[in-house]
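These notes concern the structure reproduced below.
The values are calculated or read from the model by the stated rules, or taken from the named source; none is laboratory data. Treat the numbers as computed from the prediction; the structure is a model and nothing was measured. Here the Cβ positions follow ideal geometry from the backbone for every residue, glycine too, while neighbour counts run over all protein chains shown. Note: areas computed on protein heavy atoms with side chains; ligands, DNA, RNA excluded. Shrake-Rupley method; radii C 1.70, N 1.55, O 1.52, S 1.80 Å.
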Amino acid sequence: MHYLTQEEIVGVKKLLRITNTPSIVRNLTVHNSLAVIAIKVCLVHEITLAELKSDKRHRHLLKARVDFYYIASNFTKKKDADIARYLQKHHTVVIHYAKKHKPSADYKTIYGLLDQ
């Protein structure tokens with residue numbers, strides 16, 4: 001089981017205040033779940049969960065979504081359709097992420113946070 005560090009908990013609380021989504025807190029101890037991955041991607045990229053799931057196509061949001069997809073597809077047993085459903089996107093969008101985009105340098109930082 002994976003537990004968040006004190007610094008991550010403070011970051012999550014800050015993120016939850018911004019996004020107004022306290023229901024995520026119940027599943028934070030589940031190792032490599034999509035919610036944990038999404039929160040850590042948001043913390044590293046300094047965006048909100050709503051921005052991660054939004055339809056905006058800004059470059060920094062796209063990089064965060066690509067990182068989320070790579071981590072979720074490579075380190076969980078979730079299918080592309082499940083990952084897309086979590087992001088509130090069509091499954092072909094995440095297939096496009098895999099074919100056309102590379103993960104950012106922050107990808108290794110986020111993966112390192114998941115291993116702790």
Scan (1) buried (at least 16 other Cβ atoms within 10 Å of the Cβ); (2) free of Cβ contacts under 8 Å to residues at least 40 places away in the same chain; (3) over 22 Å from V12 (Cα atoms); (4) not hydrophobic (A, V, I, L, M, F, W, C) for the single condition Y70 breaks and write down its number. (3)
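Among the residues of the stretch 38-53, count how many are among the charged types (D, E, K, R) and out of contact with any Leu (no Cβ under 9 Å at 6 or more places or on another chain).
Here the count works out to 1.
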Of the residues in the stretch 73-101, how many are in a loop (DSSP other than H, G, I, E, B) and open to solvent by 50 Å² or more (accessible area, probe 1.4 Å)? 6
Within the stretch 42-65, the count of residues that are part of a helix (DSSP H, G or I), at pLDDT below 90 and either touching a strand residue (DSSP E or B) at 6+ places or on another chain (Cβ under 8 Å) or open to solvent by less than 30 Å² (accessible area, probe 1.4 Å) (or both) comes to 2
